[in-house]
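The values are calculated or read from the model by the stated rules, or taken from the named source; none is laboratory data. Note that the structure is predicted; figures quoted are calculated from it, not measured. Please note: Cβ atoms are built from the backbone with ideal geometry, for glycine as well, and neighbour counts cover all protein chains shown. The protein model used for the area step is the full one, side chains on, heavy atoms only, and it has no ligands, DNA or RNA in it. Shrake-Rupley method; radii C 1.70, N 1.55, O 1.52, S 1.80 Å.
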Amino acid sequence: MSQNPAKPKPRQLSIPDSELNFSAARSGGPGGQNVNKVETKVTVTFDYLNSRALSWEEKGRIGKHPAVQGSLDAQGCVSVTSQRHRSQALNRDDALQKLHELLRLAMRQPKKRVPTKKTAASQRRRVTSKKALGEKKTARRRVRPDDDE
């Protein structure tokens, strides 16, 4: 009986606070009069290319992931914003959680594709549908009058 080799567990991602840049702005949404006075919207920016916490392989995987590409700013840093809560502290925690989830998703190794054989039935269906399409196109052709009249 063959044993499956143990899959390496993805390493726990820990980004030092020194590599994260936080900024606050006035938020839309809930807050009443507070919205006009207090900066509760938080944006967290992470320059993953210059990070010492990530390997080059992880940086490459992060940069190619479509979800991350949608979160890149003009400088190529990953930016995540949160304005879900009325307090800046809760939005900061929420933005950090979103960033960690985004990076975890991007760093996950894609599954290897296992090639499969076409079934005989699927090949027959393909050939049958091609024949039917060919006959339909042949039936559309213009009929030419015979020259023997």
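Between Leu90 and Asn36, what FRET efficiency follows from the Cβ-Cβ distance if R0 is 25 Å, with the result rounded to 0.05? All intermediate terms of the calculation are to be shown ahead of the outcome.
On the way: r = 19 Å, r/R0 = 0.77.
With R0 = 25 Å, the Cβ-Cβ based efficiency is 0.85.
Keeping every protein chain present and rolling a 1.4 Å probe, give me the accessible area per residue for the chain in Å². Could you put the intermediate results ahead of the total?
Working: 12300 Å² over 149 residues.
Ligands and nucleic acids excluded, the result is 83 Å² per residue.
Using the Cβ atoms and a cut-off under 14 Å, what net charge is assigned to the surroundings of Leu49, where Lys and Arg are +1 and Asp and Glu are -1? Each step should come with its number before you reach the end.
Details: positive: Arg52, Lys59, Arg61, Lys64; negative: Glu19, Asp47, Glu57, Glu58, Asp73.
With Lys, Arg at +1 and Asp, Glu at -1, the net is -1.
Using Cα positions and a limit of under 23 Å, work out the lysines in reach of Lys111, with same-chain residues fewer than 8 apart set aside.
Reachable lysines: Lys7, Lys9, Lys59, Lys64.
Counting only complete DSSP H runs, which helices of the chain cover 27 Å or more along their long axis at the Cα atoms and score a mean Kyte-Doolittle of -1.0 or above?
Counting only whole DSSP H runs, the qualifying helices are 88-107.
So which lysines can Lys118 reach, going by Cα to Cα under 18 Å and dropping same-chain residues fewer than 8 places off?
Reachable lysines: Lys130.
Rounded to the nearest 10 Å², what accessible area does Leu20 show when all protein chains are kept and the probe is 1.4 Å?
About 20 Å², ignoring ligands and nucleic acids.
Counting only protein heavy atoms and a 1.4 Å probe, tell me what percentage of the range 62-120's accessible area is made up of carbon and sulfur.
Values: 2320 of 4350 Å².
Carbon with sulfur: 53 percent of the solvent-accessible area.
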